[in-house]
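Nothing in this text is a laboratory measurement; each read-out follows from the coordinates by a stated rule. It should be emphasised that the depicted structure is a prediction, and the values quoted were computed from it without experimental measurement. Methodologically, a virtual Cβ is constructed for each residue, glycine included, from the backbone with ideal geometry; neighbour enumeration extends over all protein chains shown.
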Amino acid sequence: MNFQELLKKRRSIRNFQKKEVPIEVITDIIKEACLAPSARHSQPWRFSVITHKDTIKRLSDESKKNILAGIAVNPDSPHKAYEAAMHNERFNVFWNAPCLVFIYGPKKHDYLDCDCALAAAYLMFAATERGLGTCWIGLGSHIENPELRKEIGLTEDDRIVAPIIIGYPKSIPEPRDRAEPEVVFISS
Ligand SMILES: Cc1cc2nc3c(=O)[nH]c(=O)nc-3n(C[C@H](O)[C@H](O)[C@H](O)COP(=O)(O)O)c2cc1C
């Protein structure tokens, strides 16, 4: 697969085969994610890998609960559109994926979002190149319970930037259309 093919092949995957992702594969993908650039080469990213099904479900429930609490105090929340899904006991925000990777780091780091998002992009391409499917799950980042955070290796000084699910896809959809880029060319 050349790079252009890889760019088109990466799609958000929400339907997975019942097949584990070998831990060595996850380790290799994470190493490649760390080839991403970072501000001042600070590499603030940390990774928490969860393959325990029950823990992934508890993390989904925790995120849903906190999203609903956010909607209750702010009815204009952008999450309002997902309110019914958040109430649905059977809906797992992580789409029942066999593996979940949180990319996170110290919240005081000035470029944490940019650096972790770049690592997430690299991670998604590294996974795609190995025939895996991924999806960034913004709805899964609302993990506040201190004990649950501790269980997955996060301190109170950390912030989750990118929850990424990984698994072998049942199928890969065709690329979605993109809007034409808005570009201003300034040339002499
Ligand atoms: C920051 C971010 C948050 C996202 N959150 C979710 C999410 O919570 N649930 C989900 O199913 N997809 C989520 N997605 C996936 C997007 O819906 C998807 O990237 C977009 O529709 C384009 O489709 P493609 O990735 O297949 O090209 C998220 C993507 C990004 C970049």
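Observations on the model:
- A viscosity of 1.002 mPa s and a temperature of 20 °C, combined with the Kirkwood radius over Cα pairs in Stokes-Einstein, give a translational diffusion coefficient for region 1-42 of 163 µm²/s.
- Longest DSSP-loop-exposure-free segment, GluC sites (Glu not before Pro), the chain, at most 13 other Cβ within 10 Å: 21-88
- Unsatisfied cross-links (Cα-Cα over 19 Å) in the set 8/57; 9/170; 64/170: 8/57; 64/170
- Distribution of pairwise C-alpha distances over the chain, 10 Å bins, in %: 9, 33, 36, 18, 3, 1
- By other beta-carbon atoms within 10 Å, ranking 124, 1, 86 with the fewest at the front produces 1, 86, 124.
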